[in-house]
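The values are calculated or read from the model by the stated rules, or taken from the named source; none is laboratory data. Computed from a predicted model, the values in this text were never measured in an experiment. Here Cβ is always computed from backbone atoms with ideal geometry, including for glycine, and neighbour counts include all displayed protein chains.
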Amino acid sequence: MDTSIPSNDLLLAARGLSIGYHGKAVMRDLTFDVRRGEVVVVAGGSGCGKTTLMRTIATLLPPVSGSLAINGHELVGASAESLSVIRRSLGVMFQSGALFGGLTVLENVLLPMEAHRHLARPARVEMAKSLLSSVFMQDAANKLPSELSGGMQKRVAIARALALEPPIVLLDEPSAGLDPITSAELDRLIREFCESTGRSFLVVTHELPSIFAIADRMVFLDAQSRTITAIGTPKDLLESGPTAVRQFLSRTPPDQAKEAA
Amino acid sequence: MWLAEVEPVLMAGPSSVRIVLPPTRPLSLAQLSAIVAITNRVRGAGGTVTYEPSTPRLAMMVRAFGRRDLAPGSSARVGFVEQVGESAIATVHTGVSIIGFVAHLGAAMASTLRHPATMRWRDFFSAAAASSADALPVTALLCFIVGFIIAFQTMPSFAQFGMPAMTGIVIGVSMVRELGPLITAIILSGRSGSAFAAELGTMTVTSEIDALRALDLEPVRFLVVPRILAVALVTPLLSIIGTIAGLLGGYLVLWGKDISFLFFYEQLKHSVHPHDFVQGVFKMFVFSLLVGAAGCLAGLQTAAGPGAVGLSATRAVVAGIVLVILADGLMGAIFYAIGW
Ligand SMILES: Nc1ncnc2c1ncn2[C@@H]1O[C@H](COP(=O)(O)OP(=O)(O)OP(=O)(O)O)[C@@H](O)[C@H]1O
Ligand SMILES: [Mg+2]
């Protein structure tokens, strides 16, 4: 790898990655890293391809071209075994939550552990409960997902994504649909998990307060040029990033910016 | 330019209106809809409208926006022959994808049987209960009625030749070898095949299938295998019960002709052999695999969109029944060829 970072600290490395559907790229030539213990925020306009990027990293969508290494394993052309290794090193929270409708909240969090972790059942249940209480959902343990609000479902989905203690956690708009207080609590939780366990997060979010609260670095996907136009800390990008990124981070519509100029 | 401002002018019923447009900027949607509203009002009252500057693009936009609801039934008509052709092609496609799916499924089943602890027993039992105990009344009833009808329809012909009791043989052979399994399979397709498609289809639409894959849980192994094993293990029993109900339904007609049950039983013993029963049960086993696979495959192939789950359930039922009848014919030919 052509960086000075030790490669075992490079949890995710995209090189010239093009992503899209049916061989047609939505985003092209993406090159970025996620290092150990780092929160990277992916931002960009609605419909620009953030979820597509998450799905590609989550191994659900084949890359159109380029290379993508996850925890040291190359995704492109991966064998079934290494695909399995990659999947177990990822925790994924989908934009829709995607909880298993037939299982209770607790069972949703238990399921990945039952499948992949050799823990005694009481230990598993304890762990699932503590995960649920860290997203403030301990009281809903025995409810079905259909009995929860959208924001509550997302929090349970975050707990499920953390269940296997994966080194990389992908969160697709975790705070969309949450009130500002819960959203701030969640931001704190993400930082805390990241700092105390050295886990890395790749988080899609539009929420400016969240971006400034959690991001070590931000990757900006530009809808026009269909690629990454800026990578850096939110503060640096706000001060000296490309115009589109500054507008995004200061919530200025392009029209107004032009008139102000 | 707002409608309220020009309202007094429009009220006067002008015979010609000139709309002066802003020079450079493209029109906003609000402006465009105001222009359309004015145009429609004035033209509706027999007046004329001109735009300045007038571009073909604007005229086109006004026409497009001003359009009233599309006339019903205006969609392109598809000829009957094309429809038949398309559905034949679709059937072949479904058939081919099911064969590929069955191969994948076979591998998943083999590995589940080697490691039974990895099976989702909860899904297995709920699918088993739903496709057996819950389906029992309707299966038994339908088989009973069909048995009765066959006896009722064939009896007069046999009676013409002076041997009404022969009806028993027809009922026995047709129910045991053919209709018992077939009716059970059709009911299975309508009840369980569609239910599997709807369950898995909903899971596809809500990304639950993706969530399973991301957790390194193979959906085929995790969701499909328990369901198919459940139907394959319980429905042969169901078809035996259905067959017996059909025989009883047929006997009801014989009973009306004062033919004793013992006589009917003797007739069955001579015309229906144990291997006929085995054949029926084997057929049902194959049918249930096909119906289960068609249902689950339709569910996993569910597209996005509001009607998608319903469409998958429909596809599951149609594909299930088509496959069952094709397999029935094929197995009939094979059994005949090997003299079974
Ligand atoms: N299944 C699909 N097949 C084909 N194209 C798709 C599919 N899903 C999404 N797209 C297209 O890919 C592009 C990116 O979609 P994506 O869902 O990744 O956007 P996003 O950045 O997550 O948007 P949002 O912020 O609204 O969630 C869109 O233009 C969309 O039309
Ligand atoms: Mg998205």
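So, of the residues in the range B:297-314 that are touching a Leu at 6+ places or on another chain (Cβ under 9 Å) and loosely packed, with under 14 Cβ neighbours inside 10 Å, which turns out to be nearest to B:I98 (Cα to Cα)?
Among residues in the range B:297-314 that are touching a Leu at 6+ places or on another chain (Cβ under 9 Å) and loosely packed, with under 14 Cβ neighbours inside 10 Å, the one nearest to B:I98 (Cα to Cα) is B:A303.
Could you tell me whether A:E126 is within 14 Å of chain B (Cβ to nearest Cβ), free of Cβ contacts under 8 Å to residues at least 40 places away in the same chain and not small (G, A, S)? Steps first, answer last, please.
Details: within 14 Å of chain B (Cβ to nearest Cβ): no; free of Cβ contacts under 8 Å to residues at least 40 places away in the same chain: yes; not small (G, A, S): yes.
In short, no.
Restrict the check to the range A:46-60 and report whether at least one residue is away from ligand 2 (no atom under 16 Å from the Cβ) and either at negative phi or of a type in the set (K, R) (or both). Talk me through it step by step, then tell me what you get.
Step one: of the range A:46-60, the residues away from ligand 2 (no atom under 16 Å from the Cβ) are A:59.
Checking the rest, the ones that are also either at negative phi or of a type in the set (K, R) (or both) come to none.
Looking through the range A:46-60, none of the residues is away from ligand 2 (no atom under 16 Å from the Cβ) and either at negative phi or of a type in the set (K, R) (or both).
Would you confirm whether any residue within the range A:149-168 is within 19 Å of B:S207 (Cβ to Cβ), within 10 Å of another protein chain (Cβ to nearest Cβ), among the basic types (K, R) and in contact with a helix residue (DSSP H, G or I) (Cβ under 9 Å, 6 or more places away or on another chain)?
The answer is yes, given that some residue of the range A:149-168 is within 19 Å of B:S207 (Cβ to Cβ), within 10 Å of another protein chain (Cβ to nearest Cβ), among the basic types (K, R) and in contact with a helix residue (DSSP H, G or I) (Cβ under 9 Å, 6 or more places away or on another chain).
Considering only residues that are more than 12 Å from ligand 1 (Cβ to nearest atom) and within 18 Å of B:D216 (Cβ to Cβ), look in the range A:59-68 and name the one that is farthest from the other protein chains (Cβ to nearest Cβ).
A:L68
Away from ligand 2 (no atom under 16 Å from the Cβ) and under 13 Å from the mean Cα position of the chain (by Cα), is that true of A:F193? Lay out the reasoning, then the answer.
Working: away from ligand 2 (no atom under 16 Å from the Cβ): yes; under 13 Å from the mean Cα position of the chain (by Cα): no.
No, not satisfied.
Give me the residue from the range B:185-233 that is of a type in the set (S, T, Y) and part of a helix (DSSP H, G or I) and, out of that set, farthest from the other protein chains (Cβ to nearest Cβ).
Within the range B:185-233, the subset of a type in the set (S, T, Y) is B:189, B:192, B:194, B:202, B:204, B:206-207.
Okay, now just the ones that are also part of a helix (DSSP H, G or I), so B:189, B:192, B:194, B:202, B:204.
Values: B:S189: 23, B:S192: 16, B:S194: 17, B:T202: 7, B:T204: 11 Å.
Per the criteria, the residue is B:S189.
If I go through the range A:212-234 residue by residue, how many of them are more than 14 Å from ligand 1 (Cβ to nearest atom) and not in a loop (DSSP other than H, G, I, E, B)?
Filtering the range A:212-234 down to residues more than 14 Å from ligand 1 (Cβ to nearest atom) leaves A:212-218, A:225, A:229-234.
Filter once more, keeping what is not in a loop (DSSP other than H, G, I, E, B): A:212-214, A:217-218, A:229-232, A:234.
Selection size over the range A:212-234: 10.
Quick check, is A:L178 buried (at least 18 other Cβ atoms within 10 Å of the Cβ), free of Cβ contacts under 8 Å to residues at least 24 places away in the same chain and either of a type outside the set (S, T, Y) or more than 16 Å from ligand 2 (Cβ to nearest atom) (or both)? Please lay out each step first, then the result.
On the way: buried (at least 18 other Cβ atoms within 10 Å of the Cβ): yes; free of Cβ contacts under 8 Å to residues at least 24 places away in the same chain: no; either of a type outside the set (S, T, Y) or more than 16 Å from ligand 2 (Cβ to nearest atom) (or both): yes.
No.
Of the residues A:E74, A:E38, only one is acidic (D, E), assigned by TED's automatic domain parsing to the domain that holds A:I214 and without any contact (Cβ under 8 Å) to a residue 24 or more places away in the chain; which?
Numbers: A:E38 fails: without any contact (Cβ under 8 Å) to a residue 24 or more places away in the chain.
When all the criteria are applied, what remains is A:E74.
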